[in-house]
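Enquirer: For reference, the structure I am asking about is given below.
The values are calculated or read from the model by the stated rules, or taken from the named source; none is laboratory data. Just so we're clear, the structure is a prediction, and the values are computed from it rather than from any experiment. Methodologically, a virtual Cβ is constructed for each residue, glycine included, from the backbone with ideal geometry; neighbour enumeration extends over all protein chains shown. Heads up: the accessible areas ignore ligands, DNA and RNA and are worked out on the full protein's heavy atoms, side chains in. Shrake-Rupley method; radii C 1.70, N 1.55, O 1.52, S 1.80 Å.
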Amino acid sequence: MKIGFSEQDEHFRQEVAGWLAEHLCGAFEALRFRGGPGDEHMFAPERKAWERKLAEGGWTCVGWAPEHGGRGLSISQQVIFHEEYARAGGPGRMGHIGEGLAGPTIAAFGSEDQKRRFLPGIVAGTTFWCQGYSEPGAGSDLAAVKTRAAQDANGDWLINGQKVWTSLAHESDWCFVLARTEPGSVGHHGLSFLLVPMDQPGISVRPIEQMTGTSEFNEVFFDDARTEAANIVGQPGEGWKIAMALLGFERGVSTLGQQMQFHNELDEIIAIARANGADRDPQLRLRLAEAWCGLRILRYNSLRMLSGPQDGSLRREATIYKLNWSSWHASLGKLAMDVLGPEAELLDAAPYQLSRLQSLYLFSRADTLYGGSNEIQRNIIAERALGMPREPRVRP
Ligand SMILES: Cc1cc2nc3c(=O)[nH]c(=O)nc-3n(C[C@H](O)[C@H](O)[C@H](O)COP(=O)(O)OP(=O)(O)OC[C@H]3O[C@@H](n4cnc5c(N)ncnc54)[C@H](O)[C@@H]3O)c2cc1C
């Protein structure tokens with residue numbers, strides 16, 4: 001499939017831009033360009049209100065099928081939506097884990113009852129989700145999860161264990177939890193995918209404070225946390241299959257919107273280089289030009305990636321994409337600091353007010369880790385794209 005923008009698409013672009021210009025103002029004006037990486041802790045209630053405003057306009061879950069409450073947009077129109085959203089400075093989406101991960105997973109693997117109970121709240125921008133995968137000792141090696149769940153006499157699942165790095169858990173209503181439901185099982189066997197309400201005595205959320213003084217992710221402790229029998233997605237023991245399919249959704253169409261944000265950042269760096277004379281430094285000029293080319297390549301690769309089936313399967317282009325964008329973005333952060341020069345290192349005393357580019361530098365360090373570190377991405381490319389032997393895995 002070839003992605004191009006038809007006349008009809010360009011009309012649609014005007015519709016999106018017009019709606020955003022009309023609504024991303026007044027009480028929401030302060031949210032423009034806020035709430036992105038490194039800024040996710042800011043304006044949480046206001047950004048939740050913004051989700052509801054988006055929903056009123058029919059601009060949540062734009063790629064979901066109408067039967068699930070979505071707008072059923074074509075790929076090219078989804079791309080346009082995400083591009084215009086980022087161009088207008090639309091705030092970081094509080095609902096992105098629900099819309100991008102939980103919802104598509106429930107739509108693909110959930111029961112009819114689960115679809116009826118969970119999808120409307122995501123579409124309406126009223127229910128927020130977090131991702132309970134990583135644990136101390138189970139990050140890259142996700143199959144090492146130790147959190148366990150067992151059914152009581154009523155069939156309810158009782159969950160015990162700990163998750164870590166759980167983004168926005170403190171703002172979430174529900175968490176999807178990968179837990180070991182088959183006692184004594186190891187690796188990817190015996191895992192299940194559970195939907196767990198956050199507001200209950202069995203769950204405690206402890207924010208992880210970073211050197212910037214902010215904390216957008218958390219440790220989450222489960223002490224006899226409870227979820228009803230009906231809140232398992234798929235069958236007991238199918239958790240690994242579902243967890244992996246979900247990671248495929250993570251590399252979906254919103255990546256094009258992410259690139260528009262990258263564009264905004266690169267534009268800002270170039271404007272600063274022009275203003276402070278860094279554009280006359282031969283090395284910095286080269287790096288700016290390379291960054292510009294790199295962004296073009298990212299765009300072409302993601303268009304290629306989105307041209308195939310959107311069924312959650314992990315495609316070869318997708319395996320390249322995470323490694324590419326995260327490395328590109330981390331080096332953009334470094335470039336921003338070098339263009340800023342000594343100013344990059346100036347901050348008032350705590351609580352620190354980072355500039356957007358200082359924030360970019362610090363938080364783009366995380367890009368090469370979350371969603372699968374660069375080393376893990378290279379492993380995936382070696383094994384799945386190049387067909388090399390699997391690396392030796394050590395299991396107790
Ligand atoms: C900003 C941010 C948000 C996150 N949000 C969430 C969230 O909402 N929910 C969630 O569940 N998790 C979340 N995570 C966790 C993220 O998924 C993990 O950090 C990631 O999977 C890496 O796991 P780890 O931190 O345990 O590092 P480890 O797996 O311990 O890795 C440490 C280092 O060893 C390297 N390494 C590990 N194994 C290999 C190998 N086999 N070969 C070569 N090198 C290897 C890694 O590349 C890395 O450099 C988030 C992380 C970040 C940074």
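Enquirer: Using only the alpha-carbon atoms, how far is helix 44-56 inclined from the longest principal axis of the chain? Give it as 0 to 90 degrees, nearest 10.
Expert: Tilt relative to the chain: about 90 degrees.
Enquirer: So, one more: With every atom except the alpha carbons ignored, what do you get for Rg and Dmax of the stretch 37-115, in angstroms?
Expert: 13.3, 38
Enquirer: A further question on this structure: Rounded to the nearest angstrom and ordered from largest down, what semi-axes does the equivalent ellipsoid of the chain get from its C-alpha gyration tensor (root of 5λ)?
Expert: Numbers: eigenvalues 234, 122, 102 Å².
The equivalent ellipsoid of the chain has semi-axes of 34, 25, 23 Å.
Enquirer: Pairing the Cα long axis of helix 316-340 with the longest principal axis of the chain, what angle in degrees results, from 0 to 90 and rounded to the nearest 10?
Expert: 50 degrees
Enquirer: Can you give the relative contact order of the chain as a percent, counting alpha carbon pairs under 8 Å and 6+ residues apart?
Expert: 14 percent
Enquirer: Follow-up question, since we're still on this one. Provide the convex hull volume over Cα atoms per residue for the stretch 198-274, in Å³.
Expert: Convex hull volume per residue, Cα atoms: 169 Å³.
Enquirer: How large is the Kirkwood hydrodynamic radius of the stretch 15-65, counting all unique pairs of alpha carbons, in Å? List each step's numbers first, then the result.
Expert: On the way: mean 1/r = 0.0849 Å⁻¹.
About 11.8 Å for the stretch 15-65.
Enquirer: Hey, what do the phi angles of the stretch 354-360 turn into as Karplus ³J(HN,Hα) couplings, whole Hz, using 6.51/-1.76/1.60 and θ = phi - 60°, x for Gly and Pro?
Expert: Each residue's phi maps through the Karplus curve to give 6, 6, 4, 6, 5, 4, 4 Hz.
Enquirer: Another question, if that's okay. Name the chymotrypsin sites (Phe, Trp or Tyr not before Pro) in the stretch 331-368 that are in a loop by DSSP and that have at most 14 other C-beta atoms within 10 Å, would you?
Expert: Sites meeting the loop and neighbour criteria: TYR352.
Enquirer: Tell me whether the stretch 96-220 comes out rounded, prolate or oblate; compute the Cα gyration tensor, take square roots of the eigenvalues as a ≥ b ≥ c, and use a/c under 1.5 as the rounded threshold.
Expert: Judged from the Cα gyration tensor, the stretch 96-220 comes out oblate (a/c at least 1.5, b/c at or above a/b).
Enquirer: Here is a further query. Could you quote the convex hull projected area for the stretch 35-179, Cα atoms only and averaged over all directions, in nm²? If you can, show how the numbers build up before the last one.
Expert: Working: hull surface 40.1 nm².
Projected area, direction-averaged: 10.0 nm².
Enquirer: Taking a ≥ b ≥ c as the square roots of the Cα gyration tensor eigenvalues, with a/c under 1.5 meaning rounded and otherwise prolate when a/b beats b/c, else oblate, which class fits the stretch 1-42?
Expert: oblate
Enquirer: So, one more: Tell me the trypsin sites (Lys or Arg not before Pro) within the stretch 108-162 that lie in a loop according to DSSP and have at most 13 other beta-carbon atoms within 10 Å.
Expert: The qualifying sites are LYS146.
Enquirer: If you don't mind, another one. Mind checking the stretch 1-99 for trypsin sites (Lys or Arg not before Pro) that DSSP puts in a loop (not H, G, I, E or B) and that have at most 15 other Cβ atoms within 10 Å?
Expert: Counting only loop positions with at most 15 other Cβ atoms within 10 Å, the trypsin sites (Lys or Arg not before Pro) in the stretch 1-99 are LYS2, ARG32.
Enquirer: I've got another one for you. Please report, in whole Å³, the volume per residue of the convex hull around the C-alpha atoms of the stretch 329-396. The partial results should precede the final answer.
Expert: On the way: hull volume 9.8 nm³, N = 68.
In the stretch 329-396, the Cα hull volume divided by residue count equals 143 Å³.
Enquirer: Rg to Rh ratio, the stretch 144-277, alpha-carbon atoms and Kirkwood radius?
Expert: The Rg/Rh ratio comes out at 1.14.
Enquirer: Sort the stretch 122-189 into rounded, prolate or oblate with this rule: let a ≥ b ≥ c be the square roots of the eigenvalues of the Cα gyration tensor; rounded if a/c is under 1.5, and if a/c is not under 1.5, prolate when a/b is larger than b/c, oblate otherwise.
Expert: Cα axes put the stretch 122-189 in the oblate bin.
Enquirer: Would you calculate, for the chain, the mean residue ellipticity at 222 nm contributed by helices, counting each DSSP H stretch of 4 or more residues as -39,500 (n - 2.57) and dividing by all residues, to the nearest 500?
Expert: Roughly -13000 deg cm²/dmol at 222 nm, from the helical runs in the chain.
Enquirer: Something else about it: Please report the carbon-and-sulfur percent of the accessible area for the chain; probe 1.4 Å, protein heavy atoms only, DNA, RNA and ligands left out.
Expert: The computed percentage sits at 54.
Enquirer: Continuing with this model, one more query. What does the extension gain come out to for PHE5 and SER111, with contour length at 0.36 nm per residue minus their alpha carbon separation?
Expert: So the chain would gain 34.5 nm between PHE5 and SER111.
Enquirer: P(r) for the stretch 167-207: what percent of alpha-carbon pairs falls in each 10 Å bin, starting at zero?
Expert: The percentages, shortest bin first, are 26, 42, 30, 2.
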